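The values are calculated or read from the model by the stated rules, or taken from the named source; none is laboratory data. Since the model is a prediction, treat every value here as computed from it, not as a measurement. Ideal geometry is used to build each Cβ from the backbone, glycine not excepted, and the neighbour counts take in all protein chains shown.
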Amino acid sequence: MTDKVRIAIVGGGIVGSALALQLLREARLKPAQIVLFEREPPQAPEAGAPPEQRVYALSLASIELLEGIGVWSRLDHGRIAPIERMRVCSGSLPADSPDVLRFDAAESADAALGAIVGARAVQAALLAACQEAGLTIVTEPVESVQFLPDPVVHTRAGSCHVELLVGADGARSPVRAAAGIATRERDYGQVGIVATVAPRRPQVGTAFQRFLDTGPLALLPLPNGLLSIVWSATAARAQELLALDDAAFSAELTRCAAADFGELTLRGARAAFPLRRVQATQYVAGSCVLVGDAAHVIHPLAGQGVNQGLGDAQALAAALAARPRGEGVAARRALRRYERERRLDNALMGAVVDTLDRMFTGGGPLARLAGRGMALAGRLPPARGLLMRGAAGRSSPRR
Ligand SMILES: Cc1cc2nc3c(=O)[nH]c(=O)nc-3n(C[C@H](O)[C@H](O)[C@H](O)COP(=O)(O)OP(=O)(O)OC[C@H]3O[C@@H](n4cnc5c(N)ncnc54)[C@H](O)[C@@H]3O)c2cc1C
C-alpha cells in the first residue's frame, strides 16, 4: 500500500467502485492517485448458477453510467433481465383492473424501462474493471481513520495519508462516524424479505408491485421467467411470513400478490433486511465526502438506493472534473457543489418514497384515496410521462 495518495475510497461496493472508475474517466486523475479499500470483494457468479438472491433494479441512467465506464459490456447478459413493462396496484385491486397503473417501454423511445441485475455480478465486474485500470485495491478492512487534519486511513497492512477521503462504506459508515457527521434516522418498522420464486405463468420482462396494508410487495423479472421478490412487511407480519415453511410461504405469496403470474413457488432461501431511513446531515466535512448508503438510505419500495448512489458518483466526479486547474481534489467549492446537487435530489427521492409508504402501509381511507389517485395518474398523459421518466432515473424526456 502506498503511504500517500490523492483520493482514498473506503468501500468498494457498487457505488465506491463506480466512483473510482468515473473519476479516472472524467476528473483528470490517474490510477496511481486513487486507492480503493474493500474488505469483502465478491466472486462473480458462475455462468449457469441460479439467480442471485440479492438483485437490483437499475434505472436507464445507471445503465448509461455503467456503459460509460465500460462495465455494462463485461456483465453476463444471459443473467440480466430487462424490465419491459411495470404494473403497480394497491390493496386488493384485481391485476386486470383498468385502474392498475401500467407502464410499457413500448410507449417511450427506450427498449426497456431498466434492468434487473445480480448484486454480486455488478460489484465483481466493477472491481475487475478497477483492477484492470491499474487502481490499487486494498482488501484489508479499514480499521480506523484519523483527521490530522488531513485524513489518514489505517489498516493492518499499513497507513495511508490522503488529500480527499470518500466514505462509500454503506449504511453504518465508520467513515461518517469518524468525520463526526451526524445522521437523522427513522425505523420504518418493516423488514424486507427477498427470495427467488418461480411463477406458474411466466411473463418475460414484467415487473409487478402491489401496495398491501402491511407494506409493498414487488415481483421483479429474472431470466428464464423466474422472479425476484422484495416483500416489505411490518415487523410482526414479516415474523409470521418468515416462520412459514416453504410451501406455506409460497401459498401466502401467491394469495397476496394476486398477480397474473398465477401460482408462485419459492426457489431457495429467503433473506430478511430490517428497513431504516438514514440521512447524513452533511455530505461533506473538511476533506471527507460521503456517497451512496453512507449518505442516504431509503425504503426499497422504489428500488432506487443504488441508482441514487450511482447518481452521487457521477455528480462527485463531475464536480471534481469542473474544478479549476491547480485546485486540489478536496477543494471546498467542488465538494459543496456536489453536496448541494445531491442532497436535494436524494432528499426528494426519500420524501417521495416515504410518502408512498405512509399513504399505503396501514391501509384505511388514505390508502383507498391514494389508490384512486394512482389510477388517475395512470390515465393522464403528462403524469404518466413524469412517472415513467422517474422510474428510468431521468428528469427530462430523452434526447
Ligand atoms: C431489500 C432491499 C432491496 C433493495 N433493492 C434495490 C433495488 O432494486 N435497486 C436499488 O437501486 N437499490 C436497492 N436497494 C438498496 C441498495 O441495496 C443500496 O442502496 C446499495 O447497496 C448501496 O450501495 P453502496 O455501495 O453505497 O453501499 P454497500 O452496498 O453497503 O457497500 C459498502 C461496501 O463497503 C465495504 N466496507 C464497509 N466498511 C468497510 C471497511 N471498514 N473497510 C473496507 N470496506 C468496507 C463493504 O464490504 C461493502 O462492499 C435495496 C435494499 C434493500 C435492503
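Considering only residues that are part of a helix (DSSP H, G or I) and among the small types (Gly, Ala, Ser), which ones fall in region 245-287?
Once the filter is applied, which keeps residues that are part of a helix (DSSP H, G or I) and among the small types (Gly, Ala, Ser), region 245-287 yields Ala247, Ala248, Ser250, Ala251, Ala257.
Checking the conditions here, which among Glu46, Glu64 is loosely packed, with under 14 Cβ neighbours inside 10 Å, more than 30 Å from Arg156 (Cα to Cα) and out of contact with any strand residue (DSSP E or B) (no Cβ under 8 Å at 6 or more places or on another chain)?
Glu46
How many residues are of a type outside the set (A, V, I, L, M, F, W, C), touching a Lys or Arg at 6+ places or on another chain (Cβ under 8 Å) and more than 13 Å from the ligand (Cβ to nearest atom) when one looks only at region 53-98?
5
Ala105 versus (1) crowded, with 21+ Cβ neighbours inside 10 Å; (2) modelled with pLDDT of 90 or more: which is the lone unmet condition?
Every condition holds for Ala105 apart from (1).
Hey, could you check region 146-169 for residues that are surrounded by fewer than 18 Cβ atoms within 10 Å (Cβ to Cβ) and among the acidic types (Asp, Glu) and say which is modelled with the lowest pLDDT?
Checked region 146-169; the qualifying residue modelled with the lowest pLDDT is Asp150.
With the structure loaded, tell me whether Ala318 is modelled with pLDDT under 90 and surrounded by 16 or more Cβ atoms within 10 Å (Cβ to Cβ) or whether it fails that test. Lay out the reasoning, then the answer.
Details: modelled with pLDDT under 90: no; surrounded by 16 or more Cβ atoms within 10 Å (Cβ to Cβ): yes.
No: the conditions fail for Ala318.
Do we have any residue at all in region 179-187 that's surrounded by 19 or more Cβ atoms within 10 Å (Cβ to Cβ), touching a Ser or Thr at 6+ places or on another chain (Cβ under 6 Å) and in contact (Cβ under 8 Å) with a residue 12 or more places away in the chain?
no
So which residues in region 145-172 are over 26 Å from the mean Cα position of the chain (by Cα), among the small types (Gly, Ala, Ser) and on the phi < 0 side of the Ramachandran plot?
Selection gives Ala157, Ser159.
Test Ser232 against the criterion of being within 15 Å of Gln190 (Cβ to Cβ), within 11 Å of the ligand (Cβ to nearest atom) and among the hydroxyl-bearing types (Ser, Thr, Tyr), and give yes or no.
yes
Taking region 200-242, which residues are under 18 Å from Arg270 (Cα atoms), out of contact with any Gly (no Cβ under 8 Å at 6 or more places or on another chain) and part of a strand (DSSP E or B)?
Scanning region 200-242 gives Gly215, Pro216, Leu217, Leu219, Leu227, Ser228, Ile229.
Being of a type in the set (Asp, Glu) and farther than 23 Å from Leu301 by Cβ is the filter here, so list the residues in region 243-281 that pass it.
Asp245, Asp246, Glu263
For the structure I just gave you, tell me whether Val35 is among the β-branched types (Val, Ile, Thr), within 25 Å of Asp104 (Cα to Cα) and over 17 Å from the mean Cα position of the chain (by Cα). Outline the logic, then answer.
Working: among the β-branched types (Val, Ile, Thr): yes; within 25 Å of Asp104 (Cα to Cα): no; over 17 Å from the mean Cα position of the chain (by Cα): yes.
Against the criterion (among the β-branched types (Val, Ile, Thr), within 25 Å of Asp104 (Cα to Cα) and over 17 Å from the mean Cα position of the chain (by Cα)), Val35 does not qualify.
Any residue that is surrounded by fewer than 21 Cβ atoms within 10 Å (Cβ to Cβ), on the phi < 0 side of the Ramachandran plot and not in a helix (DSSP H, G or I) - is there at least one of those in region 295-309?
No, there is no match, as no residue in region 295-309 is surrounded by fewer than 21 Cβ atoms within 10 Å (Cβ to Cβ), on the phi < 0 side of the Ramachandran plot and not in a helix (DSSP H, G or I).
Out of everything in region 286-315 that is polar (S, T, N, Q) and within 15 Å of Val352 (Cβ to Cβ), what residue ends up being modelled with the lowest pLDDT?
Filtering region 286-315 for residues that are polar (S, T, N, Q) and within 15 Å of Val352 (Cβ to Cβ), the one modelled with the lowest pLDDT comes out as Gln304.
Return the residues of region 8-40 that are more than 8 Å from the ligand (Cβ to nearest atom) and closer than 18 Å to Ala157 by Cβ; say none if nothing qualifies.
Within region 8-40, Ala8, Ile9, Ala32, Ile34, Val35, Leu36 qualify.
Please count how many residues of region 310-334 are polar (S, T, N, Q) and either within 8 Å of the ligand (Cβ to nearest atom) or outside any helix (DSSP H, G or I) (or both).
Final tally of qualifying residues: 0.
Residues in region 285-294 that are more than 8 Å from the ligand (Cβ to nearest atom) and either buried (at least 23 other Cβ atoms within 10 Å of the Cβ) or of a type in the set (Lys, Arg) (or both): how many?
Kept after step one, since they are more than 8 Å from the ligand (Cβ to nearest atom), are these residues of region 285-294: 285-290.
If we keep only those that are either buried (at least 23 other Cβ atoms within 10 Å of the Cβ) or of a type in the set (Lys, Arg) (or both) as well, we get 288-290.
Residues that pass the stated criteria total 3.
Taking the residues in region 116-144 that are surrounded by fewer than 22 Cβ atoms within 10 Å (Cβ to Cβ), of a type in the set (Gly, Ala, Ser) and within 13 Å of the ligand (Cβ to nearest atom) as candidates, determine which candidate is farthest from Thr214 (Cα to Cα).
Ser144
Here are some conditions: (1) surrounded by fewer than 24 Cβ atoms within 10 Å (Cβ to Cβ); (2) farther than 28 Å from Leu219 by Cα. Ile34 meets all but one. Which one does it not meet?
Status for Ile34: all satisfied but (1).
Being among the charged types (D, E, K, R) and exposed (fewer than 15 other Cβ atoms within 10 Å of the Cβ) narrows it down to one of Arg267, Arg172, Arg176, Arg237, so name that one.
Of the residues listed, the single one that is among the charged types (D, E, K, R) and exposed (fewer than 15 other Cβ atoms within 10 Å of the Cβ) is Arg172.
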